[in-house]
Amino acid sequence: SQTIHQWPATLVQPVGSPLSLECTVEGTSNPNLYWYRQAAGRGLQLLFYSVGIGQISSEVPQNLSASRPQDRQFILSSKKLLLSDSGFYLCAYSPPGYTFGSGTRLTVV
Amino acid sequence: GQQLNQSPQSMFIQEGEDVSMNCTSSSIFNTWLWYKQDPGEGPVLLIALYKAGELTSNGRLTAQFGITRKDSFLNISASIPSDVGIYFCAGRGAQKLVFGQGTRLTINP
């Protein structure tokens with residue numbers, strides 16, 4: 001069966017520190033992978049998506065970057081975090097359907 | 001870019017009441033999805049709609065894909081306390097999902 005793993009669940013980082021959030025998918029090959037950010041329990045904003053290894057599309061200009069070093073691994077990174085990077089980050093994959101991970105709550109202090 | 005207008009933004013109801021929420025778009029989508037998100041968790045798929053005019057039920061939930069392919073609604077009948085959460089509509093275009101801003105449902109026992 002297909003599963004998606006996202007970690008860590010919570011993270012508190014100082015301003016200016018680097019960031020690395022990891023997402024892995026099991027039980028499927030060549031999935032489309034996505035990173036979303038959600039602020040204050042409201043809508044989800046698509047940050048990046050990837051249709052294959054090394055292929056990254058950015059949806060919004062920002063302080064973050066994404067990489068896909070392996071078929072089922074998607075990483076969200078930053079060299080220097082800003083306060084405005086705080087939020088709830090969700091990884092998702094498709095197909096089939098469109099399934100989300102359990103999220104990472106990032107607080108930048 | 002594509003945008004979804006989801007309404008209402010929040011609902012406060014009594015246990016046992018029926019709930020109705022909807023989404024409209026200026027763009028046509030090939031798929032409409034409805035998700036529920038509990039606090040601190042990723043969204044979980046409730047219902048997926050793949051054809052214009054399609055009406056689909058999942059227990060007490062019923063959703064319809066509008067005939068114009070630009071709207072969808074979700075109904076919850078006889079609400080119970082565990083229905084509390086944020087409900088999101090999403091329209092699928094190409095490889096990406098576009099999300100509504102969510103409807104926060106609060107139930108008074």
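The values are calculated or read from the model by the stated rules, or taken from the named source; none is laboratory data. Please read these numbers as outputs of a predicted model, since none were measured by experiment. Here the Cβ is made from the backbone with ideal geometry for all residues, glycine too, and neighbour counts use every protein chain on show. To get the accessible areas, we keep the full protein, side chains included, count just its heavy atoms, and leave off ligands, DNA and RNA. Shrake-Rupley method; radii C 1.70, N 1.55, O 1.52, S 1.80 Å.
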- Message: Quick check: net charge around B:Ser26, other residues with Cβ under 12 Å of its Cβ, Lys/Arg +1 and Asp/Glu -1?
- Response: +1
- Message: Report the Cα-based extents of the protein assembly as shown along its three principal axes, largest first, to the nearest Å.
- Response: 48, 35, 34
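For region B:59-109, what Kirkwood radius comes out of the mean inverse Cα-Cα distance, in Å?
Numbers: mean 1/r = 0.0792 Å⁻¹.
By the Kirkwood definition, the hydrodynamic radius is 12.6 Å.
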- Query: Quick one: if the Förster radius is 25 Å, what FRET efficiency do B:Ala94 and B:Glu41 give, using the C-beta to C-beta distance and rounding to 0.05?
  - Reply: 0.40
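How large is the Kirkwood hydrodynamic radius of chain B, in angstrom, based on all distinct alpha carbon pairs?
Details: mean 1/r = 0.0725 Å⁻¹.
With all distinct Cα pairs of chain B included, I get 13.8 Å.
Per 0.36 nm of contour for each residue apart, how much would the distance between B:Ser20 and B:Asn108 grow if the chain were fully extended, relative to their Cα-Cα spacing? Display every interim value, and only then the final one.
Working: separation 88, 0.36 × 88 = 31.68 nm, distance 1.65 nm.
Length difference between fully extended and current span is 30.0 nm.
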- Taking 7 Å along the Cα-to-C-beta vector as the label spot, tell me the A:Asp71-B:Tyr50 distance in nanometres, rounded to one decimal. 2.4 nm
- Stretch A:Arg105-A:Ser29 to full length: gain in nm at 0.36 nm per residue minus the Cα-Cα span? 24.6 nm
- Task: Within the set of other residues whose C-beta is less than 13 Å from the C-beta of A:Gly54, count the net charge using Lys and Arg as +1 and Asp and Glu as -1.
- Result: 0
- List the residues of region B:20-47 whose accessible area drops by at least 50 Å² when all protein chains are present, compared with their chain alone, using a 1.4 Å probe and counting only protein heavy atoms. B:Pro43
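Can you figure out the FRET efficiency of B:Thr62 with A:Gln13, using R₀ = 35 Å and their beta-carbon distance, to the nearest 0.05? Could you put the intermediate results ahead of the total?
On the way: r = 43 Å, r/R0 = 1.23.
For B:Thr62 and A:Gln13, the calculated efficiency is 0.20.
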- Relative to a virtual label point 7 Å from the Cα of B:Ile28 in the Cα→beta-carbon direction, which members of region B:67-107 show backbone nitrogen distances below 15 Å? B:67-71, B:92-94
- Message: Using a probe radius of 1.4 Å on heavy atoms only, what accessible surface per residue do you get for region A:1-81? Whole Å² is fine.
- Response: 48 Å²
- What do you reckon, how do A:Thr107, A:Thr28, A:Thr10 stack up by accessible area (1.4 Å probe), largest on top? A:Thr10, A:Thr107, A:Thr28
- Extended-chain gain in nm, criterion 0.36 nm per residue less alpha-carbon gap, A:Val51 and A:Leu82: 8.4 nm
- Using a basic spin-label model with each label point 7 Å from the Cα along Cα→Cβ, how many nm lie between B:Ala78 and B:Ile13? 1.4 nm
